[in-house]
Every structure is written in structure tokens, then in C-alpha cells.
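Working notes, beginning with the structure itself.
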């Protein structure tokens, strides 16, 4: 049975808005909505979700933890053209079918790629060139990386768990 979910968000002008989707949606597109804050918790009910797009908004932070439950079929997450200053990609390690992560045109200084090593199908990783890339030192010895991470091997600052 298909039911509805409501994703609530705040615009930069302070308006509270709601976007309505069905739980069997495969794509959720919230591009160009002037979003400054969003609560993605309702997407935990979207088990068929393949694409989540929040491009060209004004997000400074985002909690991706709902993708730990809803990300089994997720293929693309697009967060480009926002104002993100930091992002935790940990929930993406629960997205085995992930093929695309787009984070370009944000204000990110550093991104920990460690969770993406759990995404064997990752083909596209869009980040600005000046973003510092880090990853857990233990992952260096693990084989079978996504090709897109092999291409960035020389740019990754490998860190042990005791360093930050």
C-alpha cells in the first residue's frame, strides 16, 4: 500500500514549506526551492528511493542519516550548488547501489571519503578541486575500491582514527 510522506523545509526568507511525496517514489527532487533547512527523516519510508536531489538551494548543513534505512536502492545523491560547509557521508556506507555523489559548488573545505569505500558501484564523485579529501588509513590496504576513488588516491590524506 502506498502512503504519503511530507518533507518539511525552511526557505531563506523564513517560510516553512512542505513537499508531498508517495512512499513508492523512486526520485525525490527538491532542486531550486531556496531551502536553508530540511528534515529528511520522512524518507525512511521510501524503500524504492533511487535518486535524491537538493541542488541549487541554500543548505549550510544536512543530516543524511535517514539514508541508512532508505538507501538500499539509492543510486544518486545530488547536493551541488548549496552552501554546505561540512558534510557527514557516513550514512552513504549503507547505500550499496550508490553510483553518483555530487557535492560540487559548495563551501566544503574537507570531506571524509571513508564511507564511500563501501559503495562498490560508485562511478561519479563531483567535488570542487580545492576540497581536501581524507579517508581512514585502514582502507588503504583494502582492495576492490570504486574506480572513482582510485583516481583520487594521490589526493587523499590518509588518517588514523586518533588523528582528525
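The values are calculated or read from the model by the stated rules, or taken from the named source; none is laboratory data. Remember, it's a predicted structure, so these values are computed and weren't measured experimentally. With ideal geometry, Cβ positions are generated from the backbone for all residues, glycine too; neighbour counts draw on all protein chains shown.
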Does residue 69 satisfy the criteria of being within 30 Å of residue 1 (Cα to Cα) and surrounded by fewer than 20 Cβ atoms within 10 Å (Cβ to Cβ)? yes
Is it true that residue 8 is closer than 19 Å to residue 65 by Cβ, out of contact with any helix residue (DSSP H, G or I) (no Cβ under 6 Å at 6 or more places or on another chain) and surrounded by fewer than 17 Cβ atoms within 10 Å (Cβ to Cβ)? yes
Taking residue 126 as meeting all but one of (1) surrounded by fewer than 16 Cβ atoms within 10 Å (Cβ to Cβ); (2) free of Cβ contacts under 8 Å to residues at least 40 places away in the same chain; (3) within 30 Å of residue 24 (Cα to Cα), write down the number of the exception. (2)
Sole residue being modelled with pLDDT of 95 or more, out of contact with any strand residue (DSSP E or B) (no Cβ under 8 Å at 6 or more places or on another chain) and in a helix (DSSP H, G or I), chosen from 42, 91: 91
Looking at this structure, is residue 82 at pLDDT 95 or above, more than 11 Å from the chain's Cα centre (by Cα) and either buried (at least 19 other Cβ atoms within 10 Å of the Cβ) or not in a loop (DSSP other than H, G, I, E, B) (or both)? yes
Condition first: out of contact with any helix residue (DSSP H, G or I) (no Cβ under 7 Å at 6 or more places or on another chain) and outside any loop (DSSP other than H, G, I, E, B). Now tell me which residues in the stretch 53-71 satisfy that. 53
Taking residue 32 as the residue in question, decide whether it is crowded, with 20+ Cβ neighbours inside 10 Å and either at pLDDT 95 or above or more than 14 Å from the chain's Cα centre (by Cα) (or both). no
Could you tell me which numbered condition residue 148 fails, if it satisfies all but one of (1) more than 28 Å from residue 35 (Cα to Cα); (2) surrounded by 14 or more Cβ atoms within 10 Å (Cβ to Cβ); (3) in contact with a helix residue (DSSP H, G or I) (Cβ under 8 Å, 6 or more places away or on another chain)? (3)
Keeping to the stretch 104-121, report how many residues are assigned to a loop (DSSP other than H, G, I, E, B) and under 23 Å from residue 56 (Cβ atoms). 6
Boolean, residue 144 is touching a residue at least 24 places away in the same chain (Cβ under 8 Å) and at positive phi: yes
